[in-house]
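These notes concern the structure reproduced below.
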Number of protein chains: 2
Amino acid sequence: MTLFRNLPIMNIAMHRFFVPRDAIAFDEVTITGELVHRIGHVLRLRPGNHIVVLDNSGYEYELELTAIGTLRVTAKVVERRPGKGEPNVNIQLCQALIKADKFELVLQKGVELGVREFCPFTSERCVPERPSEVRFERWRAIIREAAEQSRRAVLPILRPVQEFAALCVQSGEPGIVLWEEERSRGISQVLKSLPFKDTGIVRVFVGPEGGFMSSEIDLARQHNIEPVSMGRRILRTETAGLVALSAIMYERGELG
Amino acid sequence: MTLFRNLPIMNIAMHRFFVPRDAIAFDEVTITGELVHRIGHVLRLRPGNHIVVLDNSGYEYELELTAIGTLRVTAKVVERRPGKGEPNVNIQLCQALIKADKFELVLQKGVELGVREFCPFTSERCVPERPSEVRFERWRAIIREAAEQSRRAVLPILRPVQEFAALCVQSGEPGIVLWEEERSRGISQVLKSLPFKDTGIVRVFVGPEGGFMSSEIDLARQHNIEPVSMGRRILRTETAGLVALSAIMYERGELG
């Protein structure tokens, strides 16, 4: 079931927050840190209100707030249930560094679309500098917020920036690389033949604004990563990744 | 074939511009207006360089620039050929007014994904004001730029804002409406059963941030517009439309 943001009234639109696993002790939950302010002041929740917290175990906990202080919020667990937001395919989105606003769009939409792991990389034609630690923190916050909003049960992982070559070599999992010069094989043909079921993992490589060098594509091919075309229209790099993710989710029956 | 933006070297990344139909007279083209500055100063093109112009006929014209002045650019037609950027399905994206930056994202990505016609509408839970004429001009510019960049052969149309009810009633073409409360039918099931081939037109309705009222869904249903679910994850309104467009293009074999 899909929900749009800020849905009024519906119970299911309860606020959701990832919390550290040790915040949950049997049926009592103690929330500290920045979240206290969000619950008490930003959202103006009150004792008796229900929220959902997630401890990254795949389960979600529906809570009834019992006390809201300035330093801590306490709540009791009303129900523990399996989260439903995880797709039946484990996607690693390997995204080249692109302009910051585009990269953030890819993170936010990628989380909504079910990406499990983001692997930023640099390649020959990458322009942006490696991100600072401050920017990395910002990216983690974007991922967390998108995961809470889209009802994910597990917080997607953001890996450190790697070189493209190192990332190709890293795992033997099957993958695709979106390539503007690929003529013969389209994404649908390749998706239908990918051995999804063996591992459940698929890697999707998306290049920088300037595209990949053909030597980079050769390297990818050697590591079980197949170049695919995305059709006749030119897609911007940030669009191409999101369309590929949509295609995978559609192919896997994950769009309902 | 997909091309990413700013591809260096490749001939196919030639600059593309929509021009008024009367700019093209037999094998001579005369460009006036704002485009003269872009060609001569922004892009610093020179006589002998090739560009592509489109007159919205579905054809594209490869030109060799012959003279670049301050008020006009002249060129001769090297080749006239059918444009390849139009999909085999005619999508009307009926998008509720949403926050301006989200709406602009939908326009830009919608063009890349092959939307033929944008129909903005207001509905019960719409928050934004109707756009001013200035904003409408900005939206047209976004559409034109995205169409040039993504190699569309025809400029997508932006309709005036209508009421949701009026838009539902307007045509008998089949359609879908993305609805967060739909439980039984997912987009893939409905897409596979849509009578695409009869008309080639499909209407896609996407609601505002607050979603549709169930009375609005009832009205849609009466007009051949089927509510569909988009899966278990919550998609923001601007994401939902783009994912639905991707699914349609995938289903139609338009992603290669």
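Put a plus charge on the Cβ of each Lys and Arg, a minus charge on the Cβ of each Asp and Glu, and nothing anywhere else: the dipole of the protein assembly as shown about its Cα centre is then about 40 debye.
For the range A:206-256, place one equal point scatterer on every Cα, skip the solvent, and apply the Debye formula. What is log10 of I(q)/I(0) at q = 0.15, 0.23 Å⁻¹? So the normalised log intensities work out to -0.50, -0.99.
Under 1.5 on a/c is rounded, so check that first for the range A:17-84, then, if it is not, pick prolate when a/b is larger than b/c and oblate when it is not; a ≥ b ≥ c are the square roots of the alpha carbon gyration tensor eigenvalues. Taking the square roots of the gyration eigenvalues as a ≥ b ≥ c, the range A:17-84 is prolate.
Highest GNM mean-square fluctuation among B:Leu45, B:Leu71, B:Leu194, for chain B modelled with Cα contacts below 10 Å: B:Leu71. GNM on chain A, alpha-carbon springs under 10 angstrom: the most fluctuating residue among A:Gly33, A:Gly110, A:Gly207 is A:Gly33. One residue of chain B places its C-beta nearer than any other to the axis carrying B onto A; that residue and its whole-Å distance are B:Ser246, 2. Relative to one another, the C-alpha centroids of the range B:144-209 and the range B:34-95 are positioned 29 Å apart.
Note on the range B:31-151: with charges restricted to the Cβ of Lys and Arg (+1) and Asp and Glu (-1), its dipole about the Cα centre is near 180 debye.
Looking only at other chains, what is the average number of their beta-carbon atoms within 10 angstrom of each beta-carbon in A:242-253? Intermediate values should be presented prior to the final figure.
Numbers: counts 6, 12, 3, 2, 12, 8, 1, 8, 14, 3, 1, 4.
Going residue by residue through A:242-253 and averaging, the value is 6.
A 1.4 Å probe, protein heavy atoms only, puts the accessible area of A:Thr32 near 80 Å².
Once both labels are positioned 7 Å from their Cα atoms along Cα-to-Cβ, the gap between B:Val77 and A:Glu117 label points is 5.5 nm. For the residue pairs A:Lys99/A:Lys192; A:Lys109/B:Lys192; A:Lys102/B:Lys109; B:Lys84/B:Lys109; A:Lys192/B:Lys192, the alpha carbons lie more than 23 Å apart in A:Lys99/A:Lys192; A:Lys109/B:Lys192.
At 20 °C and a viscosity of 1.002 mPa s, what translational diffusion coefficient does Stokes-Einstein give for the protein assembly as shown, taking Rh as the Kirkwood radius over Cα pairs? Give it in µm²/s as a whole number. Working shown, then result.
Working: Rh = 24.4 Å.
Approximately 88 µm²/s, per Stokes-Einstein.
Between chains A and B, what is the buried accessible area in Å², counting both sides, with a 1.4 Å probe and ligands, DNA and RNA left out, to the nearest 100? Working shown, then result.
Values: alone 13730 and 13760 Å², together 21700 Å².
Heavy-atom accessible area buried at this interface is about 5800 Å².
Between A:Ala141 and B:Ala165, how high is the FRET efficiency from 1/(1 + (r/R0)^6) when r is the Cβ-Cβ distance and R₀ = 56 Å? Nearest 0.05. That pair, A:Ala141 with B:Ala165, gives E of 0.90.
Compare the Cα positions of A:Leu107, A:Gly200, A:Leu178 along the charge dipole of chain A (+1 at Cβ of Lys, Arg; -1 at Cβ of Asp, Glu; about the Cα centre) and return the one farthest towards the positive end. Of A:Leu107, A:Gly200, A:Leu178, it is A:Leu107. Kirkwood analysis of chain A, using all unique Cα-Cα pairs, places the hydrodynamic radius at 19.7 Å.
Normalised by 2.2 N^0.38 Å, where N counts its residues, the alpha-carbon radius of gyration of the range A:54-195 equals 1.28.
The values are calculated or read from the model by the stated rules, or taken from the named source; none is laboratory data. Since this is a predicted model, take the numbers as computed values, not measurements. Using ideal geometry, Cβ is built from the backbone for each residue, glycine included, and neighbour counts are taken over all protein chains shown. Areas reflect the complete protein model, heavy atoms only, side chains present, ligands, DNA and RNA absent. Shrake-Rupley method; radii C 1.70, N 1.55, O 1.52, S 1.80 Å.
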